[in-house]
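Accompanying notes for the structure given below.
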């Protein structure tokens, strides 16, 4: 049996998600280096990486990837960090995620689906140039 977290512990963990949303790269990296799980997940299935990508913080995305963040995590809505980066049109984050092995076809709302649905030819081209869309 595991013990329930205290309100202070829960507040601290919520703060980690806020750091990811806000792009507080140095603070978040220090917290991960100190032992916060790099793949910490909130009640919606969002990881620190997904939140950093969705809020368009490519430096934070890179720092989390350097610390082993899992690019294959899918949130409760079927979205990945790569899909979030494509949606935000963040070329740097997309390139870093692809270099880290992110699968553009992963998830019910994959990066490929997002690029097509929102008519983002520049993102489709980036996925294509990385050799991941099956067309190169």
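The values are calculated or read from the model by the stated rules, or taken from the named source; none is laboratory data. Everything numeric in this text was worked out from a predicted model, so none of it was measured. Cβ coordinates were reconstructed from backbone atoms using ideal geometry, including for glycine residues, and neighbour counts include every protein chain displayed.
A few remarks follow.
- For residue 32: the one exception among (1) over 18 Å from residue 127 (Cα atoms); (2) part of a loop (DSSP other than H, G, I, E, B); (3) at pLDDT 95 or above: (2)
- Looking only at the stretch 20-29, and only at residues there that are assigned to a helix (DSSP H, G or I) and either free of Cβ contacts under 8 Å to residues at least 40 places away in the same chain or on the phi > 0 side of the Ramachandran plot (or both), the one that is nearest to the chain's Cα centre (by Cα): 21
- Total residues in the stretch 75-106, condition in contact with a helix residue (DSSP H, G or I) (Cβ under 6 Å, 6 or more places away or on another chain) and under 20 Å from residue 41 (Cβ atoms): 11
- Pair list, Cβ under 9 Å, 6 or more apart: the stretch 103-131 residue closer than 16 Å to residue 75 by Cα, other residue loosely packed, with under 12 Cβ neighbours inside 10 Å and at pLDDT 95 or above: 109/117
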